[in-house]
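Colleague: Take this structure first; my questions come after.
The values are calculated or read from the model by the stated rules, or taken from the named source; none is laboratory data. Here the structure is a predicted model, which is why all the values come from computation and not from measurement. Positions of Cβ are backbone-derived with ideal geometry, glycine not excepted, and every protein chain shown enters the neighbour counts.
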């Protein structure tokens, strides 16, 4: 099971990061240009939300079956293991919470500029947090 979920977690991450980056840039651009919020803007945000939540689900399953995080006390002494056991999951959960808050807040306002602002702030913060805790050495090996 691990041999299937680990690559899936990596591949879904690409889609999540792409949609999250597009949603962040779209939010900033829409807010700066004072554009009206369209259905296509909503769909971009929704795809980012969906892929980050799928990524979270895969990551949580992996967390409990991964041999890298089985011994938590040992992981705290090794910075690479600590990344997998604590930092990566915790920061990414916080990022996905921020993205979800941004999605929820955008639905509660009718003003286009405020909708774009919610995406710009919360999705960009989520993207930055996710990028900060990616195990880059595993992605490029």
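Colleague: Please tell me if residue 101 is surrounded by fewer than 18 Cβ atoms within 10 Å (Cβ to Cβ), at pLDDT 95 or above and in contact with a helix residue (DSSP H, G or I) (Cβ under 7 Å, 6 or more places away or on another chain).
Modeller: Values: surrounded by fewer than 18 Cβ atoms within 10 Å (Cβ to Cβ): yes; at pLDDT 95 or above: yes; in contact with a helix residue (DSSP H, G or I) (Cβ under 7 Å, 6 or more places away or on another chain): yes.
The answer is yes for residue 101.
Colleague: With the structure loaded, tell me whether residue 34 is exposed (fewer than 13 other Cβ atoms within 10 Å of the Cβ) and in contact (Cβ under 8 Å) with a residue 12 or more places away in the chain or whether it fails that test. Don't jump to the end; show me each part of the working.
Modeller: Details: exposed (fewer than 13 other Cβ atoms within 10 Å of the Cβ): yes; in contact (Cβ under 8 Å) with a residue 12 or more places away in the chain: yes.
Yes: the conditions hold for residue 34.
Colleague: May I ask you to list the residues in segment 43-53 that are within 20 Å of residue 111 (Cβ to Cβ) and surrounded by fewer than 16 Cβ atoms within 10 Å (Cβ to Cβ)?
Modeller: 43, 46
Colleague: Would you check if there is a residue in segment 62-78 being modelled with pLDDT under 95 and within 19 Å of residue 15 (Cβ to Cβ)? Please lay out each step first, then the result.
Modeller: Initial filter on segment 62-78 (modelled with pLDDT under 95): 62-78.
Imposing the further condition that a residue be within 19 Å of residue 15 (Cβ to Cβ) reduces the set to 62.
Yes: segment 62-78 contains one or more residues that are modelled with pLDDT under 95 and within 19 Å of residue 15 (Cβ to Cβ).
Colleague: Which residue out of 24, 40, 10 is modelled with pLDDT under 95 and either part of a helix (DSSP H, G or I) or surrounded by 15 or more Cβ atoms within 10 Å (Cβ to Cβ) (or both)? Working first, answer last.
Modeller: Numbers: 24 fails: modelled with pLDDT under 95; 40 fails: modelled with pLDDT under 95.
From the options 24, 40, 10, the qualifying one is 10.
Colleague: From the set of residues in segment 104-131 that are surrounded by fewer than 16 Cβ atoms within 10 Å (Cβ to Cβ) and under 15 Å from residue 52 (Cβ atoms), which is farthest from the chain's Cα centre (by Cα)?
Modeller: 104
Colleague: While we're looking at this one, here's another question. Which fully enclosed helices (runs of 4 or more DSSP H) of segment 53-130 have 3 or more residues being touching a residue at least 12 places away in the same chain (Cβ under 8 Å) and over 16 Å from residue 16 (Cβ atoms)? Step through it out loud before you land on a result.
Modeller: Numbers: elements: 72-75, 79-82, 88-107, 112-118.
Of the helices (runs of 4 or more DSSP H) lying wholly inside segment 53-130, those with at least 3 residues that are touching a residue at least 12 places away in the same chain (Cβ under 8 Å) and over 16 Å from residue 16 (Cβ atoms) span 88-107, 112-118.
Colleague: Does residue 29 count as part of a helix (DSSP H, G or I), in contact with a helix residue (DSSP H, G or I) (Cβ under 9 Å, 6 or more places away or on another chain) and crowded, with 16+ Cβ neighbours inside 10 Å?
Modeller: Numbers: part of a helix (DSSP H, G or I): yes; in contact with a helix residue (DSSP H, G or I) (Cβ under 9 Å, 6 or more places away or on another chain): yes; crowded, with 16+ Cβ neighbours inside 10 Å: no.
Spelling it out, it is not the case that residue 29 is part of a helix (DSSP H, G or I), in contact with a helix residue (DSSP H, G or I) (Cβ under 9 Å, 6 or more places away or on another chain) and crowded, with 16+ Cβ neighbours inside 10 Å.
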